[in-house]
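A short worksheet on the structure shown next.
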Amino acid sequence: MSRVAVVTGGSRGIGAAISKALKAAGFNVAANYAGNDEAAAKFREETGIPVYKWDVSSYEACAAGLAQIEKDLGPIDVVVNNAGITRDGFFHKMTPDQWNAVINTNLNSLFNMCRPVIDGMRNRNFGRIICISSINGQKGQAGQANYSAAKAGEIGFVKALAQENASKGITVNAICPGYIGTEMVRAIAPEVLEKRILPQIPVGRLGEPEEIARIVAFLAADESGFITGSTLSANGGQYMA
């Protein structure tokens, strides 16, 4: 029986690439999404991957959504915490709503998604938890105090949870992408990309969503059980931690 994997933000961008890569690797995948019903329906039609709508910033919504997936597909073996938002602004102008929205969606969602399934993983002596952090959680970024704090928090979460659950066959790892060629990034003005962003990247190009997805599929595999508590950078050499 195929292992069950849940990908948050799994119907668009990097999340969609992750969902498709896990399916290709033999996982039974469920893709969570927050609000874009049209994009989710199109993704489901194109891939055959079932989609589930809920807000990852709500513990109750996560618990209910995960319970439904387990009812539909079976016990959850893999959780990929990919969902994230930005509410950028310099800190001296940042509002509490900007701060709380990002912390709740990008960081508190880790508790919301992992707490309902961790006991089952421990009982079965197997689990894979993979968090999509960011280069800006490693180096910080002006105008993103909220986002950088949340993404740095993900790395700390990974290191602590990995230690707690290593003896139970559960691995917990983080991936820190740099600039990835998603729809959002490619919408940046070409002159900004060419003159300000690409010169920062030694390999001279944006990453592709599929490159992040391949790392996820590798970490999710049964054969990757000796890798835990790790932070894998995928940024084209832009920042070397």
Could you please find all residues in segment 71-80 being in contact (Cβ under 8 Å) with a residue 60 or more places away in the chain and farther than 18 Å from residue 33 by Cβ? 74, 75, 77
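This table checks each residue for (1) in a loop (DSSP other than H, G, I, E, B); (2) out of contact with any Lys or Arg (no Cβ under 6 Å at 6 or more places or on another chain).
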site: 2; (1), (2): yes, yes
site: 5; (1), (2): no, yes
site: 9; (1), (2): yes, yes
site: 16; (1), (2): no, yes
site: 20; (1), (2): no, yes
site: 26; (1), (2): yes, yes
site: 39; (1), (2): no, no
site: 60; (1), (2): no, yes
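Anything in segment 118-168 that is of a type in the set (Val, Ile, Thr) and more than 16 Å from the chain's Cα centre (by Cα)? List them, or say none.
118
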For segment 231-241 the number of residues that are without any contact (Cβ under 8 Å) to a residue 60 or more places away in the chain and either surrounded by fewer than 16 Cβ atoms within 10 Å (Cβ to Cβ) or assigned to a strand (DSSP E or B) (or both) is 4
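Does residue 32 satisfy the criteria of being polar (S, T, N, Q), closer than 25 Å to residue 228 by Cβ and in a strand (DSSP E or B)? Give the steps one after another, and end with the answer.
Numbers: polar (S, T, N, Q): yes; closer than 25 Å to residue 228 by Cβ: yes; in a strand (DSSP E or B): yes.
Criteria met by residue 32.
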Could you name every one of the helices (runs of 4 or more DSSP H) located completely within segment 107-224 that has at least 2 residues being within 26 Å of residue 52 (Cβ to Cβ) and modelled with pLDDT of 95 or more? 109-124, 145-165, 209-220
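Conditions (1) crowded, with 24+ Cβ neighbours inside 10 Å; (2) free of Cβ contacts under 8 Å to residues at least 60 places away in the same chain; (3) touching an Asp or Glu at 6+ places or on another chain (Cβ under 6 Å); (4) within 23 Å of residue 223 (Cβ to Cβ), marked per residue:
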| residue | (1), (2), (3), (4) |
| --- | --- |
| 6 | yes, no, no, yes |
| 13 | no, no, no, no |
| 26 | no, yes, no, yes |
| 33 | yes, yes, no, no |
| 38 | no, yes, no, no |
| 44 | no, yes, no, no |
| 47 | no, yes, no, no |
| 51 | no, yes, no, no |
| 62 | yes, yes, no, no |
Residue list for segment 62-106, restricted to those being part of a helix (DSSP H, G or I) and among the small types (Gly, Ala, Ser): 63, 64, 65, 67, 101
What are the residues in segment 175-226 that are more than 20 Å from residue 23 (Cα to Cα) and basic (Lys, Arg), if any? 186, 195, 196, 205
Can you name the residue in segment 84-117 that is among the β-branched types (Val, Ile, Thr) and closer than 30 Å to residue 168 by Cβ and is also surrounded by the fewest Cβ atoms within 10 Å (Cβ to Cβ) among such residues? 103
Residue list for segment 154-189, filter: surrounded by fewer than 19 Cβ atoms within 10 Å (Cβ to Cβ) and in contact with a Pro (Cβ under 9 Å, 6 or more places away or on another chain): 181
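Take residue 201 and decide whether it is among the aliphatic types (A, V, I, L, M), surrounded by 14 or more Cβ atoms within 10 Å (Cβ to Cβ) and without any contact (Cβ under 8 Å) to a residue 40 or more places away in the chain. If you could, list the steps in order and put the result at the bottom.
On the way: among the aliphatic types (A, V, I, L, M): yes; surrounded by 14 or more Cβ atoms within 10 Å (Cβ to Cβ): yes; without any contact (Cβ under 8 Å) to a residue 40 or more places away in the chain: yes.
Judged against the criteria, residue 201 is a match.
The values are calculated or read from the model by the stated rules, or taken from the named source; none is laboratory data. Just so it is clear, the model here is predicted, and its values are computed rather than measured. Note that we place each Cβ from the backbone using ideal geometry, even for glycine, and neighbour counts take in every protein chain shown.
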